[in-house]
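K.L.:
Below you'll find the structure I mean.
The values are calculated or read from the model by the stated rules, or taken from the named source; none is laboratory data. Bear in mind that the values here come from a model prediction, so they are computed numbers and not experimental data. Here the Cβ positions follow ideal geometry from the backbone for every residue, glycine too, while neighbour counts run over all protein chains shown.
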Amino acid sequence: MSDFESAITECCKSFCDRLHSWCILPNHYHLLVTTSRIKELRNEIGLLHGRTSFEWNGWEDLRGRKVWHNCFERKMRSERHFFASLNYVLNNAVHHGYCEKWQDWPWSNATDYLETVGIERALEIWSEYPILDYGSKWDIY
């Protein structure tokens, strides 16, 4: 997971104006980015998916297994949408039961985020922009 985290964040550095947040889990990941090069980013992510699935399937002698199932993006419609998305990404490892606190998950930028904005401001953002039913297709338009 560390190797994939490095590869996906490097990919984002090449094609994004800013990588706001990420969380890498054993079976999926989330990125929150600002980019004017979404087609190039998606193409590079597709190439990364191809390389990693080939490598991982080789390790496990499972050629032909589908590793990656989809990749999609959402345009942020408002400040509220952005910050709810940020909270969702940072909280994803907790949501899926991998850890109890954001900063306990090593494959995200949660620790850096908390150091940058501070715990007090992070709690304000969490309170002001709650996740609520995020992920239940409320942000699809």
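K.L.:
Find all pairs meeting these conditions: Cβ atoms under 8 angstrom apart; at least six residues apart or on different chains; first residue within segment 55-80 and under 24 Å from Pro130 (Cα atoms) and free of Cβ contacts under 8 Å to residues at least 40 places away in the same chain; second residue of a type in the set (A, V, I, L, M, F, W, C) and surrounded by 10 or more Cβ atoms within 10 Å (Cβ to Cβ).
P.N.:
Cβ pairs passing all conditions: Glu73/Ile38; Met76/Phe82.
K.L.:
Taking the conditions exactly as written (touching a strand residue (DSSP E or B) at 6+ places or on another chain (Cβ under 6 Å), among the hydrophobic types (A, V, I, L, M, F, W, C) and buried (at least 17 other Cβ atoms within 10 Å of the Cβ)), does Trp107 satisfy them or not?
P.N.:
Yes: the conditions hold for Trp107.
K.L.:
For residues that are out of contact with any helix residue (DSSP H, G or I) (no Cβ under 9 Å at 6 or more places or on another chain) and either in a loop (DSSP other than H, G, I, E, B) or of a type in the set (Lys, Arg) (or both), tally how many sit in segment 58-71.
P.N.:
4
K.L.:
May I pose another question? Identify, by number, the condition in (1) touching a helix residue (DSSP H, G or I) at 6+ places or on another chain (Cβ under 9 Å); (2) touching a residue at least 12 places away in the same chain (Cβ under 8 Å); (3) farther than 20 Å from Cys11 by Cβ that His96 doesn't meet.
P.N.:
(1)
K.L.:
Just wondering, is there one or more residues in segment 37-45 that are surrounded by 15 or more Cβ atoms within 10 Å (Cβ to Cβ) and within 26 Å of Tyr98 (Cα to Cα)?
P.N.:
Looking for residues that are surrounded by 15 or more Cβ atoms within 10 Å (Cβ to Cβ) and within 26 Å of Tyr98 (Cα to Cα), one finds at least one in segment 37-45, hence yes.
K.L.:
Answer with yes or no whether Tyr134 is hydroxyl-bearing (Ser, Thr, Tyr), within 18 Å of the chain's Cα centre (by Cα) and closer than 17 Å to Ser21 by Cα.
P.N.:
yes
K.L.:
Okay, next question. Among the residues of segment 106-121, how many are under 15 Å from Asn91 (Cβ atoms) and more than 18 Å from the chain's Cα centre (by Cα)?
P.N.:
2
Yes/no matrix, rows are residues, columns are (1) aromatic (Phe, Trp, Tyr); (2) assigned to a strand (DSSP E or B); (3) closer than 14 Å to Phe72 by Cα:
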residue	(1), (2), (3)
Glu10	no, no, no
His20	no, yes, no
Cys23	no, yes, no
Asn27	no, no, no
Ser36	no, no, no
Glu40	no, no, yes
Ile45	no, no, yes
His49	no, no, yes
Trp56	yes, no, no
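K.L.:
Only one of Ala93, Ala84 is within 20 Å of Pro130 (Cβ to Cβ), touching a Cys at 6+ places or on another chain (Cβ under 7 Å) and small (Gly, Ala, Ser); which?
P.N.:
Matching residue, one of Ala93, Ala84: Ala93.
K.L.:
Out of all the residues in segment 72-88, which are closer than 17 Å to Cys23 by Cα and either surrounded by 12 or more Cβ atoms within 10 Å (Cβ to Cβ) or modelled with pLDDT of 85 or more (or both)?
P.N.:
Glu73, Arg74, Phe82, Phe83, Ala84, Ser85, Leu86, Asn87, Tyr88
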